[in-house]
Structures are given as C-alpha cells and as structure tokens.
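K.L.:
This structure is in structure tokens; I'll ask about it shortly.
The values are calculated or read from the model by the stated rules, or taken from the named source; none is laboratory data. None of these values were measured; they are calculated from a predicted model. As a convention, Cβ positions derive from the backbone with ideal geometry for all residues, glycine included, and neighbour counts pool all protein chains shown. Accessible surface is based on the protein model in full, side chains and every heavy atom, while ligands, DNA and RNA are left aside. Shrake-Rupley method; radii C 1.70, N 1.55, O 1.52, S 1.80 Å.
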Amino acid sequence: MSTERYDRQLRLWGPEGQRRVSECRVLAFGATPSTCEALKNLILGGIKSFHLVDDALLASPSRPDARARCLSELFEIEIDAEMDSTSTVAEACVKGLARLNPDVGGTWTKSSARGSVNIAESLTQSEGVDVVLVDGWWVGDEYIQELEAWALKRGDVVLATTRACGLFAECKTSANARWVMENVTPEGSVTKDLRLMNPWSELQAYVEMKTSDLDRLDAAAFKHVPFVALLASAAAQCGTSDRRAVKDALTSMRRGLDEENFDEAFANMRYAWTDTGAVTPEIEALTRDRRAIELTAESDKGWFLAAGLREFISSEGCLPLEGSIPDMISTTESYVELQRLYADKANRDACVVWQSAIKRAARVGYIGDLITEQDAKTFCKHCRHVRFMTWRTMADELDPSTSVTSGAATLLKDAISDPSKTVSAFIFAAFRAASAFRGPGGRDPGVEPESVIDSETGLPMSQDAFVSRDAEVLHDHMTRDVLQPRGIKLDQSTAKIADDVLYEYTRYGNGQLNAVGSIIGGIASQEIIKLVTRQYIPMTQRLIYDGVHSTTTLLF
C-alpha cells in the first residue's frame, strides 16, 4: 500500500481503514453515469479490484444513436475509441477507469441483468466479492431484491444501489446489522473528557504538584503551568462549581495579562462545572437494550462490550475515560506527563470493561469473533457515540402489507403528507411506477418508438403530446401499483405535485445526466467507504435527490 499516494485519506480513516479499502473487491452492474462515478471514486481510493457487468454494445446497426449516447453520458469512454459491432460499453468503461489507478485491477462481463445473482455467486467463489454496486434502472427492482437477499445471506457483502433519470436520483445501501465504533464523534464536537469536576486520585496529585507552589515559580515556569491544573486548582479552592467563584479564584491566581495558559483556562472554564463523565440517556438506553442483557452464544461481540459498560457504570457511576487531551500551553515534560496520566486511566477503565465482557462471553459459550482488549479500548473511547446500525430491506420498503404503525407503507404516506418530503416521496413512487411501466415490453416512459401516430389526427404525435400521454400512463401505474396497495389517496394539491414529478421524469425518457450521476455516485461511494472501513455513521435510509430543487431527503 502506497502511503504517499493515499496520504490524505490515511489521515481520515487511518492505516487499518485503508487496509480494508485496499482489500475491497467490487462487483458493479450497469455501466451508467452514477455507477461509473462511484467506481471512479473507489478506484482512486485504492480498492483491490472491480468487475463491471453490462450487455450494451458501443455501436449497433439497430441503434445508430448508441455511440452518441454513450459518449454524452459516460465520460470514461474516449471520444476517439475504436467501436465496432462487438465492442461493449463495459469493456470501454473498464479500460478508461483502470487508467486512474494502476494498482487496481479491472475486468468485465457482457451479460444481462437476468443472471445477476448467478454472476455474483460465481465471482464470489472464484475471486471474492465485498461490495455489489447496482444501477437500479439497468437491473430493475425485482433483481435488486434478489441481489439484496443474496448479499444479506452471504453476511459480509455490502449492497449499494443507485438510480437516476433526468434531474431525479436515489441511493440506497443494504448490509447486515453492525456496530460502528470509530470516527463516530459528531462533526463540530469540541468537548473533551477532562473530568475536572470529578478528578481521580492521580489527577488530583498532579494538580497539587503543579499548583502548590505557584508563588515560587519564575515567570517562564508560571506561564507554562497547564490550564488543566490551573482550572482544577481553582475549582478545588472555592469548593464549588459556582461559575463566578471559579472565575474569581482563577483571577486571584493570575500575575499579569500576558499569561496564555490563564487565557486557555478562562476559555475552558466550562469544564470546571461540566461532568464530562456523566451517563447520557442514549448510553443508558444502549446498555439497557434487551440484546445487551439477554446474551447468547450467537450475540454480536459489541453487545458483550455494552454489557461490560453497564457493569462499569453501575460500579463507578460514570463512563470510562476517553483518554485524550487537547493541545495547550505547557512544557513538553508536563504535557507528556499529563497525557500519560489520562491514557493510563483510560486503559485501566477499558480493561475493566473488557474483563467483564469476556467473562460474560465465556459464561454463555460465545462462538463469535474474538473480543480483544483493543476492541474494548475503541468501544470505551467512543462509547458516547457508538451506534448499532440496522437497515430496512428493499423488500420491506416495497411490501404494502408491512406493519401499519412502523412499516414503509405508513412512512410513505407520512412523507407525502409532509410538505418538506412530498416531492421526494413522489420521486420514489415514480421510480417504482417506471419499473411497472417497463414491464415485459421493455420500453421506458418517454422513450419514443420510431413512429407514434396520434389516433385522433392520424399524424405523427408531437414530442410534448407523447410525453404527456406516457406521463398519464405512468400516473396510472403509480396509483395502481404504489399508492392504492398502501391505502394512499391524493388530494388536489398532492395530485398536482405528483403530475409535475411524473411529467418531469417522463420527459427525460431513460436518460441520465452525468452531473446528476456524479452527485448520486459520489454519495454511493462515500457510503461504501463508510461500510468497508467500518468508520463514520453510515446512511441507513433511502436517499432521494431532487435536482429541480437541489435537495436531498431520507425516506424510510
């Protein structure tokens, strides 16, 4: 692995995350703008290999527009590429994508969507597959559900689906339930776990050592006393967490106005009265979850750690120490000593949780992955934000008979009623209706046959009239196949929004804009990276992109 080539991303997800990326093998179905954009990002990120499946030809006597369309939609194909009746879109795209990173291997297969599961199983047996990337228009909802069921059965395969038409697009990921423990702190969070309100004995001794003889320190030493010691000493002196009293105590300790360590102490005064080790309602709910109490041999190891955390909280009355400190004005020796003090306490706390977890695992005959001390350290360090993630399957989304109170049918109805989600809900419905429209005939809404005659005039139908006619048929499919089975009825205002969405969808035919594909493909690749590295909080709902209003919405 080239640390020079991947230097910037190594700073994001670290060597272990990059190792997981470099071992990732991607199988992609459909050479479309969104799929190729996602592949481009993953290839530049350093995946091991990719395999692209598509049955389209670059040049076909029966489709003289095929070459122009490929060149306009897929930037991966060179404009002067040699094309004949046997050249495939998949082959041309793989050749273009492979040039982006010589360390990544690329192959292709000419095949239709009908054999997608067989291809996935065959490639898994021969080379291995970690991620399946699917274009929803090329594969279709029926085969996506088959692929999703196959991926979930495999256990460790991630499925990412994109679909785009004109200015509308959607993206969905599917994976088995899993813990996310690294890089989960919300962006912008600046609170550090300093425990100044309830210091442990070693921290108290350090504070006493650094502040007991402040008056005898020379100017240089005085200006390099860490603010942690100053703030803890001030809080101890006044014997209260009263903000005014702590500020007055700090002020009385100060000699002049040029001491930056005191400026840091005043800027971080909140730590004197903030219990950074307090148990939050989210952690309480996590540790009291039924799965953390009713442990079995098949339980995920994260639930054993959650049970160990519950025991630690019960014993200590607080959370394990995170173990890191911020930068501050200090001598190198004082800072390193303080850093070691926090790290040692964090390691001791994590060890207590780890020991509790492995005892519980031994008690029930746990048969899963080994629970390591490093697992416990990671879990405890990020315990305030760890998440156990679950995904709703596409089969559940499309099943109109799901639970009345929590099923996708109810969620779709609620989304249509929510003004901020109405358009996105109809975009979702339009994609499903388009799949029904295509049916056995294979024609997409708005894709004009060679000749369409107006039944009333006997003359060729205008483009606008043709689009309007197909939009009406698409509306019938949406009503019959999507809305009615879910008990959804439209009023006048929502019916107008639905008509506008369906007309906009239909007028693009099955055309995909490269700009929209780049957006939705970029989102898909970002979510794949999260799932492969097992870092950052992944998206567990279907994302709808509305290019008309430049908005994204999560549904279900």
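K.L.:
Would you check if L230 is in contact with a helix residue (DSSP H, G or I) (Cβ under 6 Å, 6 or more places away or on another chain), closer than 25 Å to R384 by Cα and either aliphatic (A, V, I, L, M) or open to solvent by 80 Å² or more (accessible area, probe 1.4 Å) (or both)?
P.N.:
It is false that L230 is in contact with a helix residue (DSSP H, G or I) (Cβ under 6 Å, 6 or more places away or on another chain), closer than 25 Å to R384 by Cα and either aliphatic (A, V, I, L, M) or open to solvent by 80 Å² or more (accessible area, probe 1.4 Å) (or both).
K.L.:
Still on this structure: Residues K345, K359: which one is touching a Leu at 6+ places or on another chain (Cβ under 6 Å), in a helix (DSSP H, G or I), open to solvent by 30 Å² or more (accessible area, probe 1.4 Å) and not hydroxyl-bearing (S, T, Y)?
P.N.:
Numbers: K359 fails: touching a Leu at 6+ places or on another chain (Cβ under 6 Å).
The conditions single out K345.
Okay, residues lined up against (1) among the basic types (K, R); (2) modelled with pLDDT of 90 or more:
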site	(1), (2)
L39	no, yes
L42	no, yes
I47	no, yes
A56	no, no
A59	no, no
R63	yes, no
R67	yes, no
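K.L.:
Just need a number here: residues in segment 288-326 that are of a type in the set (D, E, K, R) and either surrounded by 14 or more Cβ atoms within 10 Å (Cβ to Cβ) or over 30 Å from the mean Cα position of the chain (by Cα) (or both).
P.N.:
Total satisfying the criteria: 8.
K.L.:
Taking only segment 349-374 into account, find how many residues are among the hydrophobic types (A, V, I, L, M, F, W, C) and farther than 28 Å from D193 by Cα.
P.N.:
Within segment 349-374, residues that are among the hydrophobic types (A, V, I, L, M, F, W, C) and farther than 28 Å from D193 by Cα number 5.
K.L.:
Inside segment 3-15, can you point out the residues that are open to solvent by 80 Å² or more (accessible area, probe 1.4 Å) and within 15 Å of K530 (Cα to Cα)?
P.N.:
The first filter runs over segment 3-15 and keeps only residues open to solvent by 80 Å² or more (accessible area, probe 1.4 Å), leaving 3-5, 8, 11-12, 15.
Across segment 3-15, the qualifying residues are R11, L12, P15.
K.L.:
Okay, moving on. For segment 325-342, give me the residue count where each residue is among the hydrophobic types (A, V, I, L, M, F, W, C) and part of a helix (DSSP H, G or I).
P.N.:
3
K.L.:
Looking at A267, A278, A285, which one is more than 33 Å from the chain's Cα centre (by Cα) and either crowded, with 16+ Cβ neighbours inside 10 Å or not polar (S, T, N, Q) (or both)?
P.N.:
A267
K.L.:
Also, quick follow-up: Answer yes or no as to whether A272 is over 43 Å from the mean Cα position of the chain (by Cα), surrounded by 12 or more Cβ atoms within 10 Å (Cβ to Cβ), modelled with pLDDT under 90 and farther than 19 Å from T331 by Cα.
P.N.:
No.
K.L.:
I've got another one for you. Only helices (runs of 4 or more DSSP H) wholly contained in segment 96-172 count here; list those with 2 or more residues that are in the same structural domain as I528 (by TED's automatic domain parsing), open to solvent by less than 50 Å² (accessible area, probe 1.4 Å) and within 21 Å of I523 (Cα to Cα). Lay out the reasoning, then the answer.
P.N.:
On the way: elements: 116-126, 136-139, 141-154.
In segment 96-172, the matching helices (runs of 4 or more DSSP H) lie at 136-139, 141-154.
K.L.:
Sticking with this one: Can you say whether T533 is in contact with a Gly (Cβ under 7 Å, 6 or more places away or on another chain) and surrounded by 17 or more Cβ atoms within 10 Å (Cβ to Cβ), as far as the supplied structure shows?
P.N.:
For T533, the condition - in contact with a Gly (Cβ under 7 Å, 6 or more places away or on another chain) and surrounded by 17 or more Cβ atoms within 10 Å (Cβ to Cβ) - is met.
K.L.:
Okay, moving on. Give me the pairs, please: first residue somewhere in segment 378-389 and under 13 Å from A346 (Cβ atoms), second residue anywhere and open to solvent by 50 Å² or more (accessible area, probe 1.4 Å) and assigned to a strand (DSSP E or B), beta-carbon distance under 7 Å, and either six or more positions apart or on two chains.
P.N.:
Listed by first residue and then by second, the contacts come to T378/E182; H382/E182.
K.L.:
Just to be sure I understand the filter: pairs with C-beta atoms under 6 Å, separated by 6 or more residues or on different chains, first member in segment 211-239 and among the β-branched types (V, I, T), second member not in a helix (DSSP H, G or I). Which pairs pass?
P.N.:
Here the result reads none, with nothing in segment 211-239 linked to a residue that is not in a helix (DSSP H, G or I).
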